[in-house]
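The values are calculated or read from the model by the stated rules, or taken from the named source; none is laboratory data. Note that this is a predicted model, so its numbers are computed, not measured. Cβ sites come from the backbone with ideal geometry, for glycine too, and all protein chains shown count toward neighbours. Accessible surface areas use protein heavy atoms only, side chains included; no ligands, DNA or RNA. Shrake-Rupley method; radii C 1.70, N 1.55, O 1.52, S 1.80 Å.
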Amino acid sequence: METLTSLCASQTLVSHTARPMPIFAAGSSVSANGYAYSLNSRAFLTRKQRMSIIKASVAVEQQTEKPKVALVRIGTRGSPLALAQAHETREKLMAAHSELAEEGAIEIVIIKTTGDKILSQPLADIGGKGLFTKEIDEALINGDIDIAVHSMKDVPTYLPEQTILPCNMEREDVRDAFISLNASSLADLAAGSIIGTASLRRKSQILHRYPSLKVVENFRGNVQTRLRKLNEGVVHATLLALAGLRRLNMTENVTATLSIEDMLPAVAQGAIGIACRTNDDKMAEYLASLNHEETRLAVTCERAFLETLDGSCRTPIAGYASRDENGDCLFKGLVASPDGTRVLETSRKGRYALDDMILMGKDAGKELLSRAGPGFFNS
């Protein structure tokens, strides 16, 4: 059936005056300004009435159009790196699911966390676990978002009730990057040089190898902020995760890349984790398509080690699980005193399988707890 607009458009306009104009149609009626106009018989409408009917018809059509609701709402912190990770997640979801490739199907929701709000104090002094995830987890549980994208090294070893973390995307380079304007490496820095970092893990390993250097512990802020402070001469050098610099396309700032032997990485460094609600099968299905199983198993091994040590932001802990040339899992773990005077290391090797890797992580943690003894982390 023709629409009213097309019917009106088909009439020959004899004049632009307000005299009645005939409209011929059948089988329908419209209403405007409180009057019903039957289109089953000849009706004489003024031009003003005809335009009013058209406007009313358009208004009805607009009112029946429902606003588009995103199929997936991604929760993330607002830092450039966090947003880069959220956009990477969105792109991979769009590539894997045609319905998510449509405009407006995926929305990115920025959530400010405690770790983002308080920048004046060291992380260890403002609560430790969950500083960069708590508010995002709450938004997920409350239904304000559908999935939560985290840097896995920020995620506590426990997950809030009603949430699961079924997906780890393929891991980036786990190593740390050394950045300086006047030195080519840590060894090249003059005695008394100041290094800025917010990580006790980095601080303890630096001081263990280079006790003549000084480390500013509360060197916080996003990547751009830390590089700005370096350029302003606040510190002589800094260390950042190479993975973050790669995701931000900022590797031109890297002076040197530290080997695993020189700087064992943080547990789950370079890995992105994506959480959803426990009972949300649709989101779990979406996330399953993004999961990189080799990464998930490595991260699970490292987190088992961390959980056994009950690590927090006050504890210098490092751990890294990788697949060796034979396809087996090689795990390396480390704990240190905050001042770097004592560093304890261990390693494990076994099958690259979930149960075996969890046992390796836990066993390595128990060994280092036993060797460290009471009061070790307070020295």
Subject >> Net charge of Cβ neighbours under 12 Å - reference residue 256; Lys, Arg +1; Asp, Glu -1 >> reply: -2
**OP:** Take the solvent-accessible surface of the protein heavy atoms, probe 1.4 Å, and return the percent of it on region 231-364 that carbon and sulfur atoms account for.
**Re:** 44
**OP:** Would you list, by chain and number, the aspartates and glutamates whose Cα falls below 12 Å from the Cα of residue 362, excluding same-chain residues fewer than 8 positions away?
**Re:** 302, 307, 310
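Apply the a/c threshold of 1.5 to the C-alpha gyration tensor of region 218-273 and tell me whether it is rounded, prolate or oblate. Could you put the intermediate results ahead of the total?
Numbers: a/c = 1.66, a/b = 1.43, b/c = 1.17.
Here region 218-273 falls in the prolate category.
If R0 is 35 Å, what FRET efficiency do you get for residue 107 and residue 293 from their C-beta distance, rounded to 0.05? Don't jump to the answer; show the numbers that get you there.
Details: r = 28 Å, r/R0 = 0.80.
E between residue 107 and residue 293, to the nearest 0.05, is 0.80.
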**OP:** Using θ = phi - 60° and the Karplus relation 6.51 cos²θ - 1.76 cosθ + 1.60, list the HN-Hα couplings for region 346-353 in order, rounded to whole Hz, with x at every Gly or Pro.
**Re:** 8, 8, 9, 9, x, 5, 7, 9
**OP:** Starting at the first residue of region 283-293, write each ³J(HN,Hα) from the Karplus equation 6.51 cos²θ - 1.76 cosθ + 1.60 with θ = phi - 60°, in whole Hz, x for Gly and Pro.
**Re:** 5, 4, 5, 4, 5, 4, 6, 9, 5, 10, 5
Subject >> With DNA, RNA and ligands ignored, accessible area of residue 171 (1.4 Å probe; Å², nearest 10) >> reply: 40
Subject >> Whole-Hz couplings from phi, Karplus 6.51/-1.76/1.60, listed for region 222-237; x for Gly and Pro >> reply: 6, 4, 4, 5, 5, 5, 5, 4, 5, 5, 7, x, 4, 9, 8, 6
Subject >> Accessible area (Å², 1.4 Å probe, nearest 10) - residue 324 >> reply: 30
**OP:** Please find the FRET efficiency linking residue 164 to residue 87, where r is the Cβ-Cβ separation and R0 is fixed at 30 Å, and quote it to the nearest 0.05.
**Re:** 0.85
Original post:
For region 239-254 and region 155-210, what is the separation of their C-alpha centers, rounded to whole Å?
Top reply: 12
Subject >> Among the listed pairs 153/214; 153/229; 92/134, those beyond 28 Å (Cα-Cα) >> reply: none
Original post:
Which residues' amide hydrogens lie under 5 Å from the amide hydrogen of residue 108, considering only partners 5 or more residues apart or on another chain, with H built in the peptide plane?
Top reply: 74
**OP:** Please work out how much accessible surface residue 172 shows to a 1.4 Å probe, ignoring ligands, DNA and RNA, in Å² rounded to 10.
**Re:** 50
